[in-house]
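The values are calculated or read from the model by the stated rules, or taken from the named source; none is laboratory data. Given the structure is predicted, the values throughout are model-derived calculations rather than measurements. Here the Cβ positions follow ideal geometry from the backbone for every residue, glycine too, while neighbour counts run over all protein chains shown. These area figures cover heavy atoms from the full protein model, side chains too; ligands, DNA and RNA do not enter into them. Shrake-Rupley method; radii C 1.70, N 1.55, O 1.52, S 1.80 Å.
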Amino acid sequence: MDAQLKRGLLDVCVLTAIKDDESYGYKIIKDLKPYISLSESTLYTILKRLETGSMLTVRTAEHNGRLRKYYRITDTGRERLEDFKREWRQVVSIYRFITKEDENDEG
Amino acid sequence: MTKAEFLSLLSEGLSGRMTDREINEHINFYKEAIDDRIEDGISEEDAVLDMGDIDRIIADIAGEPVKAKEKEKKKKKKLKVWETVLLILGSPIWLSLLLSAFAVFIALFAVLWSLVVAIWAVFAAFAGSALGSFAAGTFFIIEGNLPSGLATIAAGAVLGGLSIFTFFASIAFTRAAAWISEKTTNGILSLFRKKEETE
């Protein structure tokens, strides 16, 4: 996938992974694996960016005798997801237009 | 590679490139990532492998372009220290040389502009004499001395012609002197400006 495009999609992918319930790093990567591959260092950057943008909050909790960070989506994060869905409805219609032209050429 | 080895290499790689707090944050992040995988049933070695190439991780975190810039800045800083030391030590020599060079430039400018003043003086002399001759010639004619009068007026005409010629020569010479002065001054100033830019 085009690097620029992927970068734009990763933020919303991570937000979706924590949309229904808070999650942690490894779980986020596992949940996204069927759709998009993500390295630990990339995830770190994304989480930092989302936190700076107030789209998620972080809390540290004890888990099996060690510490683990949990990430939870905020209202701003949910708004970002809604914006993304809106933008991409337009992208999908353009895609349909482009592929329809291809079908006409072939026909 | 063990978890401890990985985290140790990571810590070393990031050392000096960010604050200790930031380094600890990254170490804890990767420590958690490895521990979560081990808890999930993955072996320690595979969990560490799953993190990816450590050099790549360090480059992603610390950012290679910034590193290159930092090294350049450091190099420049080091040069500056040496330069400053040499400058101080050599100041009796270069300072007096600089002052001498400056004095020479001032002298040259003075010579150039003195020539300009001289040419204008010549013009003034011709113009003044021309006017004087016209006046004297007219006076002679009024007095009734036609030959002298005409001769003096003729002389005045010649002087007038010379003064007109000298006038244009003075203008041209003044413009040339101004151009030379501007170019030389800009040239000298740009030497200093260039130094500032490289520093």
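Values for this structure:
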{"quantity": "Residue-wise HN-Hα coupling along the range B:89-100, computed from phi with Karplus coefficients 6.51, -1.76, 1.60 (Hz; x: Gly, Pro)", "calculated": "5, x, 3, x, 6, 6, 5, 5, 5, 4, 5, 4"}
{"quantity": "Residue-averaged [θ]222 nm for chain B, counting only DSSP H segments that reach four residues, each worth -39500 (n - 2.57)", "calculated": "-32500 deg cm²/dmol"}
{"quantity": "Long pairs among A:K19/B:K3; A:K48/B:K80; A:K27/A:K48, criterion Cα-Cα beyond 27 Å", "calculated": "A:K19/B:K3; A:K48/B:K80"}
{"quantity": "Most positive-pole-ward Cα, B:G156, A:S93, B:I180, against dipole of the protein assembly as shown from beta carbon charges", "calculated": "B:G156"}
{"quantity": "Value of Rg/Rh across chain B [Cα atoms, Kirkwood radius]", "calculated": "1.60"}
{"quantity": "Assigned charges on the beta-carbon of Lys, Arg, Asp, Glu; chain B dipole about Cα centre (debye)", "calculated": "2100 debye"}
{"quantity": "Simple Cβ-charge dipole of chain A, Lys/Arg +1 and Asp/Glu -1, about Cα centre, in debye nearest 20", "calculated": "680 debye"}
{"quantity": "Relative pair counts by distance (%), Cα atoms of the protein assembly as shown, 10 Å bins", "calculated": "5, 14, 15, 11, 9, 9, 9, 8, 7, 6, 5, 3, 1, 0"}
{"quantity": "Per-residue [θ]222 nm for chain A (sum of -39500 (n - 2.57) over DSSP H runs n ≥ 4, rounded to 500)", "calculated": "-21500 deg cm²/dmol"}
{"quantity": "Ranking by accessible area, most exposed first, for B:V48, A:V91, B:V111 with a 1.4 Å probe", "calculated": "B:V111, A:V91, B:V48"}
{"quantity": "Using a Förster distance of 35 Å, the FRET efficiency for B:I188-B:V85 (Cβ separation, nearest 0.05)", "calculated": "0.85"}
{"quantity": "Student exercise, the protein assembly as shown dipole from Lys, Arg, Asp, Glu Cβ charges, in Debye to nearest 20", "calculated": "1520 debye"}
{"quantity": "Charge dipole of the protein assembly as shown about the Cα centre (unit charges at C-beta), most positive-ward option of A:F84, B:L49, B:L87", "calculated": "B:L87"}
